[in-house]
Amino acid sequence: MIAIIDYGVGNLFSLQSSLHFIGADVIVTRDVAKIQQADKILLPGVGAFGDAMGKLQNSGLADVVKTEAQNGKPLLGICLGMQLLFSESHEFGVHKGLDLISGRVVSLRSAFDKQQIELKVPQIGWNKLVLKQDSPLLKYVAQGDFVYYVHSYYASQCDKSVAAFSDYGVKIPGLVQKGNVFGTQFHPEKSGEVGLNILRAFTEVKG
């Protein structure tokens, strides 16, 4: 069973529907016992990093998610949920993350301004994946497959953990991994067959 963490951030219906579509046993919950009983954890998220991290901590689930991941349970963070896996974010101040993957979340706009890149922020739309290293989540993905992004911040200083990236003026870590901890900056539930295959691959990861 996959537990989708419900901590008051984001619409979980499309993600739950996508997992049901591929035949996964899934529950949306904030119940600690159910999260501990689950085989895998999925951490979604939209919005601002500081607000989301605050809600995760105030719900008492930040320590639960971190402990379960440190004990070897497969964890997948999606979009903002992926960013929460990192050490810290510089979105509207400096905020500590779960620190399950080393790295910093920084502003696309700041990066573009420094390099005089004229692209729109946020990045909204389809972009192709450049596969960089092996990952269980990429077992059904081909070089150049397209996925769907919506984001204004991106992970940096995490090169060793990047399994696939997309080019949007700068290299955007699209899929990261450290052991049993995975993250996608793009939305697999909005990425058609490619996204469904990534979710399918996550259901097949051994804990």
Working only within the stretch 54-92, note down all residues that are surrounded by fewer than 17 Cβ atoms within 10 Å (Cβ to Cβ) and at positive phi. G60, G72, F92
Hey, among the residues in the stretch 23-53 that are in contact with a Ser or Thr (Cβ under 7 Å, 6 or more places away or on another chain) and over 16 Å from H95 (Cβ atoms), which one's least open to solvent (accessible area, probe 1.4 Å)? I35
Can you name the number of the only condition in (1) assigned to a strand (DSSP E or B); (2) under 23 Å from G97 (Cβ atoms) that K160 fails? (1)
Tally the residues that are surrounded by fewer than 15 Cβ atoms within 10 Å (Cβ to Cβ) and either in contact (Cβ under 8 Å) with a residue 24 or more places away in the chain or within 18 Å of the chain's Cα centre (by Cα) (or both), restricting the search to the stretch 110-125. 6
Any idea how many residues of the stretch 126-157 are without any contact (Cβ under 8 Å) to a residue 40 or more places away in the chain, more than 19 Å from V181 (Cβ to Cβ) and in a loop (DSSP other than H, G, I, E, B)? 3
Result of the Cβ filter at 6 Å on the stretch 92-103, keeping first residues that are closer than 18 Å to N58 by Cβ and partners that are assigned to a loop (DSSP other than H, G, I, E, B), at least 6 apart or interchain, is G97/L84; L98/L84; L98/L85
List the pairs whose first member sits in the stretch 32-56 and is farther than 16 Å from I78 by Cα, whose second member is in a helix (DSSP H, G or I), and whose Cβ atoms are under 6 Å apart, counting only residues at least 6 apart or on separate chains? V32/V64; I35/V64
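The values are calculated or read from the model by the stated rules, or taken from the named source; none is laboratory data. Bear in mind the structure is a predicted one, so any value in this text is a computation, not a measurement. Cβ coordinates were reconstructed from backbone atoms using ideal geometry, including for glycine residues, and neighbour counts include every protein chain displayed. The accessibility values were calculated without ligands, DNA or RNA, using every heavy atom of the protein model including side chains. Shrake-Rupley method; radii C 1.70, N 1.55, O 1.52, S 1.80 Å.
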